[in-house]
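All remarks here apply to the structure that follows.
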Amino acid sequence: MPKDSFAKEVAADRMHRLFDLAQQRTEKDDGASRKLAKRYIRIAKEISSHYKVSMPKQIKERICRKCGNVLIPGLNCRVRLASSKGYAAYICECGTERHVFYK
């Protein structure tokens, strides 16, 4: 296995792990944990750009683009379904909408 592909595989694993940790911290719902969760997301984004690995779609859809929160419905975001247009709108605390398309 070439070194480059091994590094990208490790980077992807780290991004998944950091996202899981950020999700756990966000669910605790206190100020210090939220700050730490945002830091985990920022580190995952830095890993993605440094190793030139795209962030997985299931992770990317669950992060607010503006503030970096992990979007958890009912805790820090609202969900609105636009069934005629085929997407769910996740509305973050900061007011940013994230459209996730479904079939």
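Observations on the structure shown:
- Of all residues in the range 5-20, those satisfying the criterion of being free of Cβ contacts under 8 Å to residues at least 40 places away in the same chain and of a type outside the set (Val, Ile, Thr) are SER5, PHE6, GLU9, ASP13, ARG14, ARG17, LEU18, ASP20.
- When TYR102, TYR90 are checked against the criterion of being surrounded by 15 or more Cβ atoms within 10 Å (Cβ to Cβ) and aromatic (Phe, Trp, Tyr), TYR90 stands alone in meeting it.
Yes/no per residue for (1) farther than 14 Å from GLU93 by Cβ; (2) surrounded by 14 or more Cβ atoms within 10 Å (Cβ to Cβ):
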position: ALA32; (1), (2): yes, no
position: TYR40; (1), (2): yes, yes
position: ALA44; (1), (2): yes, yes
position: SER49; (1), (2): yes, no
position: VAL53; (1), (2): yes, yes
position: GLN58; (1), (2): yes, no
position: LYS66; (1), (2): no, no
position: ASN69; (1), (2): no, yes
position: ILE72; (1), (2): no, yes
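- Selection within the range 94-103: residues that are free of Cβ contacts under 8 Å to residues at least 24 places away in the same chain and charged (D, E, K, R). The member of this set that is nearest to LEU36 (Cα to Cα) is GLU97.
Yes/no per residue for (1) at pLDDT 90 or above; (2) within 17 Å of GLU27 (Cα to Cα):
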| residue | (1), (2) |
| --- | --- |
| ILE41 | yes, yes |
| SER54 | yes, no |
| CYS64 | yes, yes |
| GLY68 | yes, yes |
| LEU71 | yes, yes |
| ALA89 | yes, no |
| GLU93 | yes, yes |
| LYS103 | no, no |
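- If you check ILE59, ILE41, ILE91, ILE47 for being part of a strand (DSSP E or B), in contact (Cβ under 8 Å) with a residue 12 or more places away in the chain and hydrophobic (A, V, I, L, M, F, W, C), only one passes: ILE91.
- Any hit, the range 64-80, residues being part of a strand (DSSP E or B), closer than 26 Å to VAL10 by Cβ and touching a residue at least 24 places away in the same chain (Cβ under 8 Å): yes
- Verdict on ARG80 being in contact with a strand residue (DSSP E or B) (Cβ under 8 Å, 6 or more places away or on another chain), modelled with pLDDT of 90 or more and loosely packed, with under 13 Cβ neighbours inside 10 Å: yes
- Checking SER33 against (1) within 30 Å of LYS3 (Cα to Cα); (2) in contact with an Asp or Glu (Cβ under 9 Å, 6 or more places away or on another chain); (3) among the hydroxyl-bearing types (Ser, Thr, Tyr), the condition it does not meet: (1)
The values are calculated or read from the model by the stated rules, or taken from the named source; none is laboratory data. Predicted model, so just to flag it, every value in this text is computed and none were measured. Neighbour counts are summed over all protein chains in view; Cβ atoms, including those assigned to glycine, are modelled from backbone coordinates with ideal geometry.
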